[in-house]
Amino acid sequence: MKRRDFLTLASAGLAAATLLPAHAGPLDAAAFRAMRRYADLPCGRIAYVERGTGPAALFLHGAPLNGYQWRGAIERLSPLRRCIAPDFMGLGYSAPHEGQSLAPAAQLAMLVALLDKLGVQSVDIVASDSGGAVAQLFAVHHPARVRSLLLTNCDVEPDSPPAGIAPVLEMARAGTLADMTARWLDDTALARSTFGAAVYHDPATLTAETIACYVEPLVATPLRRAQYHAFHVALAPNPLAGVEASLRRSRVPVRIVWGGSDTLFARGDAQYLDSTFSRSRGIRFVPDGKLFFQEEYPEVIALEARGLWGGA
């Protein structure tokens, strides 16, 4: 990392520390698990974590993660927002009904039903990866309910699903993805050298505790394994096909925070979003950040969200 970039991130970390609630401990896996709640919706039993008060912020995770991805950001932002982090159907601890569609459009319907259940009318959305695709659909189909978008490395219409996940989609179609993922529970080194090296600057971020939090619910039962596969299969064909014109008309303020070392979603995808949204607040590149940099640099997410929300 260049000295200038290191100093920028270090300064961000010091500033963000002031956002931490003085009375709250760190959101480790045990604390996050204790906060987990469930909402019974027409689509199934949806898991979510909620912390903080005030206007609501909705955190949308990537695959194969769950709401735990946002623990560091939620810890810092809960003094400012009612932070809500649901688990998408087919991932995490949500339990959709057997036969329930897991396509992005169905995920959007689930989120709307969840917010209705919680009495939430509008949200600031913070999103990553496939969650970013759902966030864009949310802004298109329910613009009055979206105050702002903070988009990190995620699908865009010209790059959805990204070419790099083709092997994952093939394993999902073949029914072998869950078996491969389950191996990480018994082999932390394997998880770090494969998945971890691909999506984190420091693969050691993927601790055994974190692996268990992400993987155990995916492979817990035959139904959950099948739904894990179905989630990925439903990522194609392109769920964002045809949305560009609507995004160009969007009046939602958008800030783009992008891991500059991601090998799945290129810098050009961030630039596409910046040029498409008329109210884009520009791009911040995190030089060493890969796909799931949000876990490694939660202070950056917190500072960027605070800046966006203050001007939204």
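Please list, by residue number, every one of the GluC sites (Glu not before Pro) in region 28-132 that is coil in DSSP and has at most 10 other beta-carbon atoms within 10 Å.
Qualifying residues, ordered by number: Glu98.
How large is ³J(HN,Hα) for each residue in region 95-103, as worked out from phi by the Karplus curve 6.51 cos²θ - 1.76 cosθ + 1.60 (θ = phi - 60°), to whole Hz, x for Gly and Pro?
10, x, 5, 4, x, 5, 4, 10, 5
Please arrange Val156, Val233 by counting, for each residue, the other beta carbons lying within 10 Å of its beta carbon, fewest first.
Val233, Val156
Per DSSP H run of n ≥ 4, the term is -39500 (n - 2.57); total these for the chain, divide by its residue number, and report the mean residue ellipticity at 222 nm rounded to 500 deg cm²/dmol.
-12000 deg cm²/dmol
In what order do Ser275, Ser128 fall by count of nearby beta-carbon atoms within 10 Å, going from fewest to most?
Fewest to most other Cβ atoms nearby, the residues stand as Ser275, Ser128.
State the antiparallel share, in %, of DSSP beta bridges confined to the chain, rounding to the nearest 5.
That works out to approximately 35 percent antiparallel.
Please give the peptides 254-261, 58-65, 283-290, 219-226 ranked by average Cβ packing (other Cβ atoms within 10 Å per residue), highest first, as a rough proxy for protection.
Going from most to least packed, we get 58-65, 254-261, 283-290, 219-226.
Based on other C-beta atoms within 10 Å, arrange Glu216, Glu295 from fewest to most.
Glu216, Glu295
Per-residue HN-Hα couplings for region 108-120, Karplus 6.51 cos²θ - 1.76 cosθ + 1.60 at θ = phi - 60°, whole Hz, x for Gly and Pro?
Karplus values, whole Hz, x for Gly and Pro: 4, 4, 4, 4, 4, 5, 5, 4, 4, 4, 8, x, 9.
Rule-based calculations on the coordinates, nothing more; no lab input. Nothing here was measured: the structure is a model prediction, and the numbers come from that model. Heads up, the Cβs are rebuilt from the backbone with ideal geometry, glycines too, and the neighbour counts pull from every protein chain shown.
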